[in-house]
Amino acid sequence: MNRIVYLFKRILNLDYANMFKICKAISKKTKKNRVLLFFDMIYCGLVYQAGYYDYQEFEFYNLNSKERKTYLTRGKNNEIVKRFNNKDYFDKFEDKVEFNKIFSKFIKRAWMYLENNNVDEFVQFFASHPSIIVKPVDASGGKGIEKFEFVNEDEAKKLYNILVEHNQLLVEECIKQHENMNKLYDKSVNTLRMFTFISNG
């Protein structure tokens, strides 16, 4: 039942324009029929709980059914999260500001929250950290995340108003990754995610 509810919510909230855009890009890259790719995307969503980003990133269009079954897709991950975690704490992880407050000593980067017209604090923060990342507090999948470089105080004040208007209220200094990680790819922070299960303490 939970899986059906999840799939129904995903269908209602799908960004179809982005889905078609990804489908078009895959078609151009692989020379495969765009319509067939679209229906294969839908099929993979229903059978493997793979979103269109999963389909693209894991290259499902090149995999057979046996190979597709081995991937931890977004839908499968969602089931694991709900099954093995205490629901009382979900909000602590879904709210980015609350998460930063609780785990501040572990994230090891400066951050601030835009509230109560704290524009002067923002300007000071931006001047101290000339490269910043801004995020909406309630979005996921990279939506609304942008990077900005400090120009001057006047431009910073203008940016503050834009960020508040667009609900991009969480501001963080950019992470500078280790030079060896940077060699892998220097256009983003390269991450490795690990799932940890705790049983009987």
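Some notes on this structure:
- Long hydrophobic helices in the chain, taken as whole DSSP H segments with a C-alpha length of 24 Å or more on their own axis and mean Kyte-Doolittle hydropathy at least -1.0, are absent.
- Probe 1.4 Å, accessible area per residue of the stretch 32-135, Å²: 65
- Across the chain, C-alpha contacts under 8 Å between residues 6 or more apart give a mean separation that, scaled by the residue count, equals a relative contact order of 14 percent.
- Span from the the stretch 157-200 Cα centroid across to the the stretch 19-84 one, whole angstrom: 25
- Modelled label positions at Ile198 and Lys87, each set 7 Å beyond Cα in the direction of Cβ, lie 2.1 nm from each other.
- Portion, in percent, of the accessible area of the chain that falls on carbon or sulfur, probe 1.4 Å: 54
- Dipole of the chain, positive end: most advanced residue of Thr70, Val81, Ser131 [Cβ charges, Cα centre]: Thr70
- The charge dipole of the stretch 60-180, taken about the Cα centre with unit charges on the Cβ atoms of Lys, Arg (+1) and Asp, Glu (-1), comes to about 1060 debye, rounded to the nearest 20.
- Linear extension gain, Lys28 paired with Asn167, 0.36 nm per residue minus alpha-carbon span: 46.6 nm
The values are calculated or read from the model by the stated rules, or taken from the named source; none is laboratory data. Since this is a predicted model, take the numbers as computed values, not measurements. So basically every Cβ, Gly included, is an ideal-geometry build from the backbone, and we count neighbours across all protein chains shown. Only protein heavy atoms, including side chains, enter the accessible area calculation; ligands, DNA and RNA are left aside. Shrake-Rupley method; radii C 1.70, N 1.55, O 1.52, S 1.80 Å.
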